[in-house]
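K.L.:
This is the structure, below, for whatever I ask next.
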Amino acid sequence: MTETILKLTNLSKGFGGVQVIDDCSFDVPRGARMALIGPNGAGKTTIFNLMSGVYTPDTGRVIFDGEDITDIPSRMRVRRGMARSFQNIRLMPHLSVVENIMLGQHAQVGSPLDMVTPLLKRSRWRREAEALLADMDMESYPGEVVATLPYGVRKKIEVVRALASRPKMLMLDEPAAGLNPSETAALRDFLVQISETGVTILIVEHDMSLVRSLCDRAVVLNFGRLIYDGSTKEVQHDPQVLEAYLGSRHAEAKGEVHA
Ligand SMILES: Nc1ncnc2c1ncn2[C@@H]1O[C@H](COP(=O)(O)OP(=O)(O)O)[C@@H](O)[C@H]1O
Ligand SMILES: [Mg+2]
């Protein structure tokens, strides 16, 4: 087992002549809780899309758990142990919690036996989904329809759904967006609990107090370039980081930057 679970080397990606990711390299140590931060439009979600196989990079490699996965499809990456949640909730609102978790197990489909015994399999999946909810102290929710639950609970369910594929690494894109301070604190404790089971966490997040209390290391992107890789304690004092955020706020005030 290598100590680095994810290695990005010289990643670049352009869309229609615009260089959105520009020669980015960084490592995520196995078992870490690490943050990927930067102003709106910096390229954070694009990096997640390159890591998870939504996009193919123009240059550079994605090495996961010692294997070059740059050219393999998303579902194969899920099987190798990579899972993500999305910036906007993608739960099925009219299904129950347990059914939503079962959808997250689709990555485990694949043996011929699954096709022969779909019903048996489904009940096993249900039991596994219920067990996962219980592990996460959410056993009171399985039968509830997602649409009826508070936003903070839905966010946690989205994280649990990503865990249903039994990932080694979990990527979360702005999981605390729209949460109030007590929901954010609950999410933080929940992520620490997940991390203590050995899952590596890479989080994109704007809430810096959450980032500091959850992660000890951060990388910062600005205009697709990596401008910082170090401690979350010092990140807010780094001159380049300050300039990136101040610059974006200045532009935002003038209406030039859109979320
Ligand atoms: N599929 C795409 N086609 C064209 N431009 C894109 C595409 N995906 C992202 N971009 C652009 O890349 C830049 C970075 O976007 P994104 O990665 O979503 O930033 P962040 O998540 O840091 O806010 C933005 O200018 C965005 O418009
Ligand atoms: Mg984004």
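The values are calculated or read from the model by the stated rules, or taken from the named source; none is laboratory data. Computed from a predicted structure; not experimentally measured. Glycine also receives a Cβ, built like all others from the backbone with ideal geometry; neighbour counts cover every protein chain displayed. For the accessible areas, the whole protein counts, side chains as well, though only heavy atoms, and no ligand, DNA or RNA atoms are used. Shrake-Rupley method; radii C 1.70, N 1.55, O 1.52, S 1.80 Å.
K.L.:
Restricting the search to the stretch 14-34, which residues are in contact (Cβ under 8 Å) with a residue 60 or more places away in the chain and assigned to a strand (DSSP E or B)?
P.N.:
Selection gives 19, 20, 21, 22, 23, 24, 25, 26, 28, 29, 33, 34.
K.L.:
Give me the pairs, please: first residue somewhere in the stretch 48-62 and assigned by TED's automatic domain parsing to the domain that holds residue 74 and free of Cβ contacts under 8 Å to residues at least 24 places away in the same chain, second residue anywhere and within 16 Å of ligand 2 (Cβ to nearest atom) and hydroxyl-bearing (Ser, Thr, Tyr), beta-carbon distance under 7 Å, and either six or more positions apart or on two chains.
P.N.:
Pairs found: 49/55.
K.L.:
Residues of the stretch 207-216 being away from ligand 2 (no atom under 16 Å from the Cβ), surrounded by 18 or more Cβ atoms within 10 Å (Cβ to Cβ) and not aliphatic (A, V, I, L, M), which ones?
P.N.:
215
K.L.:
Looking only at the stretch 178-206, how many residues end up being within 16 Å of ligand 1 (Cβ to nearest atom), touching an Asp or Glu at 6+ places or on another chain (Cβ under 9 Å) and open to solvent by less than 50 Å² (accessible area, probe 1.4 Å)?
P.N.:
So the count comes out to 3.
K.L.:
Is there any pair linking a residue in the stretch 157-176 that is free of Cβ contacts under 8 Å to residues at least 24 places away in the same chain to one that is more than 16 Å from ligand 2 (Cβ to nearest atom) and open to solvent by 10 Å² or more (accessible area, probe 1.4 Å), with Cβ under 7 Å and at least six apart or on different chains, and which?
P.N.:
Correct list of pairs: empty, since none qualify.
K.L.:
For residue 224, which of the numbered conditions (1) open to solvent by less than 10 Å² (accessible area, probe 1.4 Å); (2) not assigned by TED's automatic domain parsing to the domain that holds residue 59 fails to hold?
P.N.:
(2)
K.L.:
Another question, then. Every residue in the stretch 123-148 that is hydrophobic (A, V, I, L, M, F, W, C), in a helix (DSSP H, G or I) and crowded, with 17+ Cβ neighbours inside 10 Å, please.
P.N.:
Selection gives 125, 129, 132, 133, 146.
K.L.:
Do the conditions hold for residue 27, that is, is it more than 16 Å from ligand 1 (Cβ to nearest atom), open to solvent by 10 Å² or more (accessible area, probe 1.4 Å) and over 17 Å from residue 244 (Cα atoms)?
P.N.:
So residue 27 fits the description; yes.
K.L.:
Then there is this: Scanning for something within 16 Å of ligand 2 (Cβ to nearest atom), crowded, with 17+ Cβ neighbours inside 10 Å and either modelled with pLDDT of 90 or more or not assigned by TED's automatic domain parsing to the domain that holds residue 226 (or both), does the stretch 14-22 turn up at least one residue?
P.N.:
yes
K.L.:
If you don't mind, another one. Taking the criterion of being under 17 Å from residue 133 (Cα atoms) and part of a helix (DSSP H, G or I), would at least one residue in the stretch 163-180 satisfy it?
P.N.:
The answer is yes; a qualifying residue exists.
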